[in-house]
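To start, the structure under review is shown below, and the notes come after it.
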Amino acid sequence: MKQIMSVAFVALLAACQTAPVQTPAAAGAPVEAAAVVKPSAGQQWLFGSAEASVIVRQTWETIADYVESKAAEAPTYGVVLTPDSSPVQPGFLACEGRPLAAVFDADETLIWNLGSMAAFERMGIGFDPAIWDEWEKTGAGKAVAIPGALEALARIREAGVTVIVNTNRAAENAAGTEATLEAAGIGEFSHGSTLFLRGDAPDGTGKDGRRMMISENYCVIALVGDQLGDIADPFNAKNLGVLDRKVLTEAPAISGLWGNGWFVLPNPVYGPSIRGDFDDIYPEATHWAPSAASELPAAN
Ligand SMILES: [Mg+2]
């Protein structure tokens with residue numbers, strides 16, 4: 001049963017851009033404790049494994065190295081796409097003379113939401129927006145900094161670069177998110193100044209509007225998140241299939257930005273990265289069958 005719930009959890013959150021936002025579970029529904037609580041494979045990997053800890057620490061080191069190097073160059077262009085451009089034909093905002101900033105998503109980028117994730121698992125539900133809303137308000141102290149983040153943020157700040165958070169947590173819950181980030185050691189943030197939330201711009205869960213707002217005052221030299229919407233909204237275009245989306249990240253004009261201004265951290269627990277049919281994941285040209293199997297069941 002728990003495995004079924006975990007799969008449902010992944011599927012539900014696959015449609016989300018950043019923080020989980022959809023569920024059929026009713027708020028206030030009776031809570032029945034699961035007999036055996038076993039985290040999903042994605043949760044085991046991300047939140048529990050030494051391998052994940054190493055990978056994210058490696059990434060944070062790369063981010064800090066890049067920011068230190070870039071800050072020393074006095075850049076004249078940032079890494080935020082202009083509103084009329086795309087990853088295929090990108091334009092970048094000029095920002096000469098503005099103070100430097102690095103922009104980070106919050107959930108599963110700066111912090112791991114261990115408190116809410118564990119609560120959902122223990123309740124045997126995939127996700128509940130009302131409970132998530134309460135988590136945004138009261139979760140301070142129960143979310144932890146991602147391994148390597150605190151050391152990297154210290155280096156980034158030491159380089160004179162302002163740390164800004166752009167998250168799809170709700171603007172109404174700004175105080176709770178500020179408290180959560182501070183309690184995790186990420187730092188002090190101020191809504192509208194160094195913290196930007198869903199509702200601050202008219203494009204809903206899209207983040208390009210908020211990136212424009214931030215860019216009015218800063219030269220953004222790094223964008224960091226666990227989902228491509230943390231980098232640029234065109235990556236989340238609804239008409240993009242799984243393979244198309246991957247190909248878009250390889251567009252020649254922007255492919256060099258990964259690890260060099262654009263950074264992605266792993267999230268195998270929820271989000272738009274977790275989707276795809278059999279043929280999306282396993283190209284036909286790679287299909288293989290053992291000699292003992294005269295015929296494999298059809299995949300679709
Ligand atoms: Mg996130």
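To keep it simple, each residue is scored yes or no on (1) without any contact (Cβ under 8 Å) to a residue 12 or more places away in the chain; (2) under 25 Å from Gly206 (Cα atoms).
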residue: Trp45; (1), (2): no, no
residue: Ser53; (1), (2): no, no
residue: Ala64; (1), (2): no, no
residue: Ser69; (1), (2): yes, no
residue: Glu73; (1), (2): yes, no
residue: Thr76; (1), (2): no, no
residue: Pro83; (1), (2): no, yes
residue: Ser86; (1), (2): no, yes
residue: Pro90; (1), (2): no, yes
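Selection of region 209-237 for residues being touching a helix residue (DSSP H, G or I) at 6+ places or on another chain (Cβ under 6 Å), within 22 Å of Arg275 (Cβ to Cβ) and in contact (Cβ under 8 Å) with a residue 40 or more places away in the chain yields Leu228, Gly229, Phe235, Asn236. Just one of (1) farther than 23 Å from Arg169 by Cβ; (2) out of contact with any Cys (no Cβ under 7 Å at 6 or more places or on another chain) fails for Ile274. It is (1). Note on region 92-105: among residues that are modelled with pLDDT of 95 or more and not hydrophobic (A, V, I, L, M, F, W, C), the one that is nearest to the ligand (Cβ to nearest atom) is Asp105.
Remark: Ala237 falls outside the filter, which requires a residue to be buried (at least 23 other Cβ atoms within 10 Å of the Cβ) and not charged (D, E, K, R). Contact map, region 263-279: first residue farther than 16 Å from Gly126 by Cβ, second residue assigned to a helix (DSSP H, G or I), Cβ cut-off under 6 Å, separation 6 or more or different chains; pairs are Phe263/Ile63; Leu265/Val56; Leu265/Thr59; Gly276/Val242. Taking the listed residues Ile111, Ile63, Ile125, Ile55, the one that is in contact with a strand residue (DSSP E or B) (Cβ under 9 Å, 6 or more places away or on another chain), hydrophobic (A, V, I, L, M, F, W, C) and more than 20 Å from Ala170 (Cα to Cα) is Ile63, with no other qualifying.
For Ser215, the conditions (1) within 15 Å of the ligand (Cβ to nearest atom); (2) closer than 14 Å to Phe104 by Cα; (3) polar (S, T, N, Q) all hold with the exception of (1). Screening Glu61 with (1) charged (D, E, K, R); (2) over 25 Å from Ala183 (Cα atoms); (3) at pLDDT 95 or above gives one miss only, at (2). A search for C-beta distances below 8 Å between a residue of region 131-149 that is at positive phi and surrounded by fewer than 19 Cβ atoms within 10 Å (Cβ to Cβ) and any residue that is hydrophobic (A, V, I, L, M, F, W, C) and not in a loop (DSSP other than H, G, I, E, B), counting only pairs 6+ apart in sequence or on different chains, returns Gly141/Ala183. The residues in region 59-80 that are over 16 Å from Gly160 (Cβ atoms) and over 23 Å from the mean Cα position of the chain (by Cα) can be counted, and the count is 2.
Which residue, of Asn168, Asn173, is outside any strand (DSSP E or B), within 25 Å of Gly199 (Cβ to Cβ), within 16 Å of the ligand (Cβ to nearest atom) and touching a strand residue (DSSP E or B) at 6+ places or on another chain (Cβ under 8 Å)?
Residue meeting the stated conditions: Asn173.
Select from region 221-272 the residues that are at pLDDT 95 or above, polar (S, T, N, Q) and away from the ligand (no atom under 16 Å from the Cβ) and list them in ascending order. Thr249, Ser255, Asn260 - these are the residues of region 221-272 that are at pLDDT 95 or above, polar (S, T, N, Q) and away from the ligand (no atom under 16 Å from the Cβ). Scanning region 188-199 for residues that are away from the ligand (no atom under 16 Å from the Cβ) and surrounded by 18 or more Cβ atoms within 10 Å (Cβ to Cβ) yields one hit, Thr194.
Pick out the one residue from Glu121, Glu108 that is of a type in the set (Asp, Glu), under 22 Å from the mean Cα position of the chain (by Cα) and away from the ligand (no atom under 16 Å from the Cβ). Full working, then the answer.
Numbers: Glu108 fails: away from the ligand (no atom under 16 Å from the Cβ).
Every option except Glu121 fails the conditions.
The residue that is nearest to the ligand (Cβ to nearest atom), counting only those in region 147-165 that are outside any helix (DSSP H, G or I) and not polar (S, T, N, Q), is Val165.
The values are calculated or read from the model by the stated rules, or taken from the named source; none is laboratory data. All figures in this text were calculated on a predicted structure; none of them were measured in a lab. Backbone-built Cβ (ideal geometry, glycine too); neighbour counts: all protein chains shown.
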